[in-house]
1. Which members of region 263-301 meet the condition of being over 20 Å from ALA244 (Cβ atoms) and either touching a Leu at 6+ places or on another chain (Cβ under 9 Å) or not in a helix (DSSP H, G or I) (or both)?
2. Find all pairs meeting these conditions: Cβ atoms under 6 angstrom apart; at least six residues apart or on different chains; first residue within region 300-329 and surrounded by 10 or more Cβ atoms within 10 Å (Cβ to Cβ) and modelled with pLDDT of 80 or more; second residue aliphatic (A, V, I, L, M) and assigned to a loop (DSSP other than H, G, I, E, B).
3. Starting from region 90-116, keep only residues that are within 20 Å of LEU128 (Cβ to Cβ), then list their pairs with residues that are in a helix (DSSP H, G or I) and charged (D, E, K, R) whose Cβ atoms are within a distance under 6 Å, requiring at least 6 positions of separation or different chains.
4. Mind listing whichever residues of region 200-220 are within 17 Å of ASN293 (Cβ to Cβ) and either modelled with pLDDT of 65 or more or surrounded by 13 or more Cβ atoms within 10 Å (Cβ to Cβ) (or both)?
5. Give me a count of the residues in region 121-141 that are on the phi > 0 side of the Ramachandran plot and assigned to a helix (DSSP H, G or I).
6. Quick check: is even one residue across region 119-137 farther than 27 Å from GLU47 by Cα, crowded, with 20+ Cβ neighbours inside 10 Å, modelled with pLDDT of 85 or more and of a type in the set (A, V, I, L, M)?
7. Among the listed residues VAL55, VAL38, VAL11, which satisfies the condition of being modelled with pLDDT under 85, part of a helix (DSSP H, G or I) and surrounded by 12 or more Cβ atoms within 10 Å (Cβ to Cβ)?
8. Among HIS237, HIS257, which is in a loop (DSSP other than H, G, I, E, B), within 30 Å of GLN49 (Cα to Cα) and either at pLDDT below 75 or within 16 Å of the chain's Cα centre (by Cα) (or both)?
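The values are calculated or read from the model by the stated rules, or taken from the named source; none is laboratory data. The structure presented is a predicted model; accordingly, all values stated were derived computationally and were not measured. Note: ideal-geometry Cβ built from the backbone for every residue, glycine included; neighbour counts use all protein chains shown.
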Amino acid sequence: MNAKLLIDAIVHQTTVLIGQLSTAAGLRAPLAHIADQVFLELSREIEAQGVSRKVAADMFGLALRTYQKKVQRVSEGVTLRDRTLWQAVLDFLKARNSASRRELLEHFLRDDPVNVGSVLSDLVASGLVTRTGTGDATVYGMTRESDLAAVLREGRRESLGPIAWATIYGAGGMNHAALRGRLAVPDDELRDVLRELEREGRIKRSGGEGDAAQYESSLLLVPLDAEHGWEAAVFDHFSAVVRAIGAKVRRGTPRAHERDLTGGSTLTFVVDDKHPLRDEALGLLRRVRADVNELWQRVQEHNVTNDLDEDRTEILFYFGQAVRGPDDE
């Protein structure tokens, strides 16, 4: 197995997906934190697989001391630990109405000035912040259309709920502190969303209040016609694919076999408008979705009236379909 080629290809495809998601809502999502996030989570996962820090550092092409410093710096966070740099810059400008580039760089001295500049560019591009002048004398101010900020907050809130729900469900339970670290969102926003999810019965809380509060979810269901919650469906589907591939790789049997219980297959059907099987091929998603939903409903009905053993088996099934025409990129 040529692991390097496979990793490079997966990284490329993942960045394509991130690029599409970051611009899907019309406003550019902040991306300045991604490099540090990828490094930190990848380093943690490598070490969790039993690889020593010295070897992990070598895998990143870094000396051990440089690697340790970078892990510490990224882990400790930056100016405001519970907020992204993007949110911190926005809040600073909202409190002062305006500030020069020099003032912003001085205030966020502990942050990489390149990242600060990237965040400012994102805010200006989104329409939340205005820019006047050039160089260090550039003045940034909140746009007069304050409703843009309100729209952005509400949009993030609508997305945070489904993502938090999907994360809790996918992890099999998670405490408040771990969830906040995973999502990297302000604590007050996370608490509000978790209360709402708990009130709706989507998650259950145990262990009291604060960081030690434990959240669990036994069901993740987003209706087909739901206006909000598609983020949870996308995240859950992507997680299922990753978990299935990861399980296959960890077992050392990446090749497919007829008796596999874990795995997946991808088939491409090429048809034209006159092909006799065109409609049958296009209808695959509809038919499989109907069959799977019917089975899932019967399983749920049984589970409601029967207690399952503690050594239960979780079967994670995923499927999908993409149709590409001659004019699509």
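1. PHE269, VAL270, VAL271, ASP272, ASP273, LYS274, HIS275, PRO276, LEU277, GLY283, GLN300, listed by residue number.
2. Within 6 Å, no pair qualifies.
3. Pairs that qualify, where the first residue is within 20 Å of LEU128 (Cβ to Cβ) and the partner is in a helix (DSSP H, G or I) and charged (D, E, K, R), are ARG101/ASP136.
4. LEU220
5. The total comes to 1.
6. Yes, that holds for at least one residue.
7. On the way: VAL55 fails: modelled with pLDDT under 85; VAL11 fails: surrounded by 12 or more Cβ atoms within 10 Å (Cβ to Cβ).
Of the residues listed, the single one that is modelled with pLDDT under 85, part of a helix (DSSP H, G or I) and surrounded by 12 or more Cβ atoms within 10 Å (Cβ to Cβ) is VAL38.
8. It is HIS257.
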